[in-house]
Amino acid sequence: MRRSLITYLPEWTRDWLEIIVPGVQILLILLAAWILQYLLRRLVNRVGRHYQLPLELTMPLRGMLRWTIMTAALMLVLERVGVSATVLWTAFTGFATVGAVAFFAAWSVLSNLFCAFLIFSVRPFRIGDTIEVLDTAEKPGARGRVVDINLLYTSLEDSDSANAGTLLQIPNALIFQRVVRRWKGGQPLPLPAEPQTPAANDSQAP
């Protein structure tokens with residue numbers, strides 16, 4: 001259809017069409033990328049307000065989405081200006097391979113980031129609560145009041161009077177691998193059990 005339309009145009013306009021048509025396509029690609037980025041940014045902001053997610057979590061997510069859209073738009077633009085699809089695919093697979101290697105190399109960090117997202121969305125505890133991270137339900141573990149939750153660690157203020165003011169930094173991924181006992185903020189904590197002592201005899205032998 002495009003070629004049939006070109007045949008009806010004057011001779012001098014045909015050379016310009018070879019520039020105008022790709023230019024319009026590039027503008028449409030950039031416009032679509034900008035609209036998609038704008039909509040996704042609003043969606044992330046709305047989800048962040050609904051679940052009360054911190055900026056430390058929503059800002060990297062917005063940045064990741066922005067760079068993904070920009071990369072896809074750049075590849076489409078390069079294809080429009082005549083770069084071979086084979087070259088683009090080779091470059092993409094190369095970057096994907098490097099990204100996969102980096103992903104597995106930073107798996108421990110990424111698992112903490114993902115668990116931070118789960119903590120902020122599922123809300124197993126909140127700042128101000130007192131939690132105890134246990135290996136098993138029978139053995140005592142690290143207990144303290146939650147004072148901070150960031151992308152890597154959950155910080156607890158040690159509840160042991162002997163370690164007053166000490167902060168316990170627990171990796172977020174470890175929290176989802178252990179039993180967690182929770183006391184909501186303002187809820188009184190149970191007193192530690194006193195050691196049992198044998199009762200003294202009331203009567204003495206003659």
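Here, each number is a calculation from the coordinates, and none is a lab measurement. Here the structure is a predicted model, which is why all the values come from computation and not from measurement. Note that each Cβ is placed from the backbone with ideal geometry, even for glycine, and that neighbours are counted across all protein chains shown.
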Notebook entry, point to check: Where does the charge balance sit around residue 36 when Lys and Arg score +1, Asp and Glu -1, over other residues with C-beta under 14 Å from its C-beta?
Noted result: +4
Checklist line | Tail weight of P(r) past 17 Å, computed on alpha-carbon pairs of the range 12-61, percent | finding: 55 percent
Note to self: Just want the answer: with Cβ charges of +1 for Lys and Arg and -1 for Asp and Glu, which residue in 154, 127, 97 is farthest toward the dipole's positive end in the range 94-161?
What the structure shows: 97
Next item on the list: Place a +1 charge on the Cβ of each Lys and Arg in the range 73-147 and a -1 charge on the Cβ of each Asp and Glu, then give the dipole magnitude about the Cα centre in debye, rounded to the nearest 20.
Entry: 200 debye
Check: Just how large is the dipole of the range 8-104 about the Cα centre, in debye to the nearest 20, putting +1 at every Lys and Arg Cβ and -1 at every Asp and Glu Cβ?
Finding: 620 debye
Note to self: Just want to confirm a number: the relative contact order over the range 125-183, from Cα pairs under 8 angstrom separated by 6+ residues, in percent.
What the structure shows: 35 percent
Next item on the list: Can you tell me the dipole magnitude for the range 125-183 around its Cα centre, using point charges on the Cβ only (Lys, Arg +1; Asp, Glu -1), in Debye to the nearest 20?
Entry: 180 debye
Checklist line | Segment residue 152-residue 177, length gained on full extension (0.36 nm per residue, minus Cα span) | finding: 7.5 nm
Next item on the list: Run the quick spin-label model on residue 126 and residue 35: label points 7 Å from Cα toward the beta carbon, then report their separation in nm to one decimal.
Entry: 4.0 nm
Next item on the list: Give, as a single signed number, the net charge of other residues whose beta carbon lies under 12 Å from the beta carbon of residue 65, with Lys and Arg counted +1 and Asp and Glu -1.
Entry: +4
